[in-house]
Amino acid sequence: MPSEWIARHDQTVTLKGEWTLANYRHIKAALQQSDTRTEPGKPTDATVSLDAITRLDTAGAILIVELIGVEKAQAVADWAAELPKEQQALLVRIAEAMEAPLDVDPPSYSRINQALASVGQHMVGLWSQQRQLLAFIGLVVATLFQLVLRPRHWRLTATVAHIQQSGLNAVPIVALLTFMVGAVVAFLGATVLQDFGATIYTIDLVAFSFLREFGVLLAAILLAGRTASAFTAQIGAMKSNEEIDALQAQGLDPIELLVLPRVMAMLISLPMLAFVGMLSGLAGGAMVTSLSLDISLTQFLTTLQKDVSVTHFLVGLSKAPVFAFVIAVIGCLEGFKVSGSAQSVGEHTTSSVVQSIFMVILIDAVAALFFMEMGW
Amino acid sequence: MDSDKPTEQNDQPVIKVRGLVNRFGAHVVHENLDLTLERGEILGVVGGSGTGKSVLLRSIVGLKRPNDGTVEVLGTTLNELNEAQRSQIERRFGVLFQRGALFSSLNLQENIALPLIEHARLPREDAEHLARVKLALVGLPPQAALQFPESLSGGMVKRAALARALALDPDILFLDEPTAGLDPIGAAAFDQLLVTLRDALGFSVFLVTHDLDTLYAACDRVAVLSQKRVLVVDTIDKVAETEDEWIQDYFHGPRGRAAQSAHTASSTNAYTQE
């Protein structure tokens with residue numbers, strides 16, 4: 001069959017025209033149509049003439065080598081002397097490259113085996129993740145104790161910089177968020193308690209919930225999203241840039257230089273942010289009660305002082321350092337697990353946020369049970 | 001394929017840089033820089049650290065907008081084109097970045113197949129077949145095709161990046177220090193491969209390098225960047241004779257002399273063999 005790229009007369013196949021990448025699909029189709037091969041995958045027996053080829057690039061050369069076979073292509077100078085020297089050289093180079101079999105198939109297993117393997121992999125991964133977390137906590141605490149008595153090794157500048165980034169810069173968003181949640185809780189309380197004529201207890205509702213739970217919990221969840229991800233990305237980028245290796249090779253301790261300043265900064269920032277959250281949640285509640293329930297600000301404050309003991313505030317605040325430690329440690333550990341690729345940075349950043357939010361809520365639930373049993 | 005581009009003539013230079021000015025704040029990198037890349041030549045660009053070799057490459061490829069001057073590529077000024085026209089021109093470039101810049105979320109075969117699928121519109125199967133041949137062409141073993149960039153050595157990354165730069169059989173190849181980090185054998189094979197492919201495919205090469213052996217083995221002309229402009233462009237022997245302190249140190253220092261004598265020895269060998 002005549003075509004733009006290939007013509008056949010008895011036992012002679014003439015290749016012609018532009019054998020380039022742009023025409024790759026058409027040439028391949030033409031080759032299949034003209035049926036020049038005796039068996040698929042085997043080189044043709046026919047005599048091939050290349051003289052009419054006007055342009056040739058690597059894609060075209062690959063097709064020719066496939067058509068005539070590697071050995072014949074390497075001996076191109078013997079049978080196609082009219083072909084320009086450069087194109088001969090290209091054919092020989094391509095033939096050399098295609099000499100070894102190029103197909104490597106990944107080992108394949110049945111679907112059931114794959115499913116079982118992936119379940120197993122996930123379980124093992126989960127288990128080793130928890131072990132790594134515990135080991136890392138141990139490492140951080142051990143390093144912390146070693147350094148407590150050696151003030152020369154305290155990284156004050158780094159710590160203060162991290163306090164600014166993760167604490168001070170988060171104040172507006174924490175304040176705004178808790179203020180709005182405070183207003184919402186007050187609205188809910190007002191709606192429900194109105195039926196019992198007990199709207200005054202809205203104050204207690206807001207105060208209890210924010211002092212014991214919401215202030216610290218909201219601040220912690222915000223920092224888990226904001227700071228744990230930042231820690232992971234920072235340390236992960238350093239890891240893939242081999243900066244961590246450089247530190248270790250110089251005899252410096254990455255835990256001391258990178259992790260402790262971040263952990264200390266979180267231990268200082270989160271309690272303060274939790275305090276800000278409590279105040280601003282109360283302010284949100286106070287706004288709603290004074291605007292829609294005719295409870296004046298004075299009455300709000302008096303009730304607060306009379307009804308709500310300081311224990312609630314202390315219970316709430318006591319959780320902040322625990323949350324801070326967990327968030328910082330998970331953020332840093334995930335950073336150390338990053339392995340080079342951009343995808344890996346993304347995976348571990350996601351994982352650090354999910355894990356730290358999960359841990360914060362889990363610890364909060366356990367703590368709530370504990371405090372209730374203790375009657376605090 | 002080129003015949004339908006009326007703006008382009010075959011004897012015109014493929015890159016024409018005129019009066020280029022690049023500044024970063026108060027720091028002037030290029031001042032009134034002129035440079036021409038002829039069709040089918042391999043131009044080596046050398047210069048001390050910080051003379052703006054990579055910045056020059058980036059302004060030609062269109063990754064950095066120059067502060068002044070014109071950059072004409074394949075008969076058109078990139079900055080004046082709209083998005084679609086620009087993409088048309090840009091797919092005729094092949095760029096090898098200094099650190100490889102392979103896509104880390106794709107394996108090697110997918111890295112090279114990506115431009116083939118996106119620009120040449122090949123089916124995935126064909127594209128991956130071509131990709132495997134290109135990987136073999138630059139000297140990578142078949143098993144490497146399924147590996148991810150993070151698990152490769154520096155030299156393998158360089159080779160894979162070259163295979164990707166060559167994926168679309170470009171008209172202009174930009175190479176930023178391609179032999180840095182390769183062992184001498186790999187570097188020599190690279191030079192040879194570059195010349196073979198250039199002869200066969202007729203592309204032009206803009207080659208930023210520090211490697212004197214590459215300059216002697218592969219480059220038709222050498223441009224020296226110094227004092228914020230191109231100090232001299234000529235064949236390597238003429239450039240080496242230029243009266244300039246840096247050029248003299250560069251070409252006639254211990255390494256320069258070694259590369260020169262190695263080159264002379266190998267070319268006499270080649271002549272006697274023929």
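Readers should treat all values here as calculations from the given coordinates under stated rules, not as data from a laboratory. The structure displayed is predicted, hence computed values, not measured ones. No Cβ is skipped: glycine too gets one built from the backbone with ideal geometry, and neighbour counts run over all protein chains shown.
Points worth noting:
- Segments B:11-19, A:352-360, A:176-184 sorted - mean Cβ within 10 Å per residue, highest first: A:352-360, A:176-184, B:11-19
- Mean per-residue shielding of peptide A:256-264 is 0, counting Cβ atoms of other chains within 10 Å of each Cβ.
- Kirkwood Rh, Cα atoms: Rg over Rh of chain A: 1.31
- Total formal charge among the other residues, if their Cβ is under 14 angstrom from that of residue A:4, Lys/Arg +1 and Asp/Glu -1: +4
- Taking each residue as 0.36 nm, the span from residue A:372 to residue A:243 lengthens on full extension beyond its C-alpha to C-alpha distance by 41.7 nm.
- Built amide H within the under 5 Å cut-off of residue B:230, gap 5+: B:34
- For residue A:49, the residues whose amide H sits under 5 Å from its own are A:13, A:14, A:15, ignoring neighbours fewer than 5 places away on the same chain, with H placed 1.01 Å from N.
- Amide H contacts under 5 Å for residue B:45, placed H, 5+ residues apart: B:207, B:208, B:209, B:223
- Residue-count net charge about residue A:328 - beta-carbon cut-off 13 Å; Lys, Arg +1, Asp, Glu -1: +1
- Near residue B:54, once Lys and Arg are set to +1 and Asp and Glu to -1 for all other residues with Cβ below 14 Å from its Cβ, the sum equals +2.
- In this simple spin-label model, placing a label point 7 Å from the Cα along the Cα-to-Cβ direction at both residue A:311 and residue A:110 gives a separation of 6.3 nm.
- Exposure proxy for A:79, A:127: other Cβ atoms within 10 Å of each Cβ, ordered fewest to most, give A:127, A:79.
- Counting every other Cβ atom within 10 Å of each residue's Cβ, B:206, A:187 order from fewest to most as A:187, B:206.
- Membrane-span-like helices in chain B (whole DSSP H runs, Cα extent of at least 18 Å along the helix axis, mean Kyte-Doolittle hydropathy of at least -1.0): B:124-137, B:184-201.
- Exposure proxy ranking, count of Cβ atoms within 10 Å, fewest first, for A:287, A:372, A:264: A:372, A:287, A:264
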